[in-house]
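Notes follow the structure.
The values are calculated or read from the model by the stated rules, or taken from the named source; none is laboratory data. Predicted, not measured: the structure shown is a model, and the values here were computed from it. So basically every Cβ, Gly included, is an ideal-geometry build from the backbone, and we count neighbours across all protein chains shown. In case anyone asks, the SASA skips ligands and DNA or RNA and just uses the protein heavy atoms, side chains included. Shrake-Rupley method; radii C 1.70, N 1.55, O 1.52, S 1.80 Å.
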Amino acid sequence: IYDFAIIEDLQKNPFHFEMLKQGKSVVTERIMKRKDGSTLFIEVSAKLLTDGRLLAFVRDISDRKKADLALKESENHLRTILQTEPECIKLLRKNGELEDMNPAGLAMIEADDFEQVKGKSILNIINKPYRKAFQSLTENVFKGKSGTLEFEITGLKGTMRWLSTNAVPLKDAEGKIVSLLGVTRDITDRKK
């Protein structure tokens, strides 16, 4: 096995011979090299038999690992875009509770960090004359409609701002609406 193993991988993830000797099954992932020098990812399920022989099942998981890596890169790419976007980007639940918000949005509502507002209703900072309209917009988004709204807020530190939001339904892989995705900009100067 050492002829096919990659030394750096072995150093990070050594074989679990002690666990096998204790009669435990071991499942581990490895990077191996082929005869032509290319690499592949494998999953090894091993167990020591009562007669002392090792029974191992080896499965090529290269496609799964490549897909996992592509997904992580995509998530990192998207997270970078969201974190650096100068407009507020937020996800809201049906009841108006914040699921996520980028730094621009946190600055807009005067939150020091996301933990300060996570799971709290955004309605609390929307000035009363606009709350029903915002609730209506949220309900419509969860019915599958997109919408826009201009409204006024009072930030957590007391600053009043006019905002314009575009809201759309965010759907999961099965097409079920799971969140309101809102992109909001500060329009205070325009209103003045």
Mean-square fluctuation maximum in Gaussian network of the chain, Cα pairs under 10 Å, restricted to LEU71, LEU181, LEU49, hits LEU49
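Please report the relative contact order for the chain, taking Cα pairs under 8 Å with a sequence separation of at least 6, and give it as a percent rounded to a whole number. Walk me through the numbers on the way to the answer.
Numbers: 317 pairs, mean separation 25.5, N = 192.
After rounding, I find 13 percent.
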Could you give the nm distance between label points at ILE6 and VAL27, where each point is 7 Å from its Cα heading toward the beta carbon? 2.2 nm
With n ≥ 4 as the cut-off for DSSP H runs, can you work out [θ] at 222 nm for the chain, using -39500 (n - 2.57) per run divided by the number of residues, rounded to the nearest 500? -8000 deg cm²/dmol
Please give every one of the lysines within straight-line cross-link reach of LYS128, meaning a C-alpha to C-alpha distance under 22 Å, and leave out same-chain neighbours fewer than 8 residues apart. LYS90, LYS94, LYS118, LYS120, LYS157, LYS191, LYS192
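May I ask you to list the trypsin sites (Lys or Arg not before Pro) in segment 57-166 that are in a DSSP loop and have at most 16 other Cβ atoms within 10 Å of their Cβ?
Those satisfying the criteria are ARG93, LYS94, LYS118, LYS120, LYS143, LYS145, LYS157.
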Solvent exposure of segment 38-192 as accessible area per residue, Å², 1.4 Å probe: 63 Å²
Quantify, in whole percent, the carbon and sulfur part of the accessible surface of the chain (1.4 Å probe; protein heavy atoms only). 54 percent
Net charge within 10 Å of ASN166 by Cβ-Cβ distance, Lys/Arg positive one each and Asp/Glu negative one each, not counting ASN166 itself? 0
Determine the sum of side-chain charges near PHE17: Lys and Arg each +1, Asp and Glu each -1, restricted to other residues whose C-beta is under 15 angstrom from that of PHE17. +4
Using a Gaussian network model of the chain with C-alpha springs under 10 Å, which one of THR154, THR28, THR50 is most mobile by mean-square fluctuation? THR50
The list [x] -0.67, -0.71, -0.75; [y] -0.60, -0.69, -0.78; [z] -0.81, -0.89, -0.96 gives values of log10 I(q)/I(0) by the Debye sum over Cα atoms at q = 0.11, 0.12, 0.13 Å⁻¹, and only one came from this structure; which label was calculated from it? [x]
Degrees separating the helix 62-84 axis from the principal Cα axis of the chain, which is the longest one: 30 degrees
I'd like the trypsin sites (Lys or Arg not before Pro) in segment 3-34 restricted to DSSP loop residues with at most 13 other Cβ atoms within 10 Å, sorted by number. LYS24, ARG34
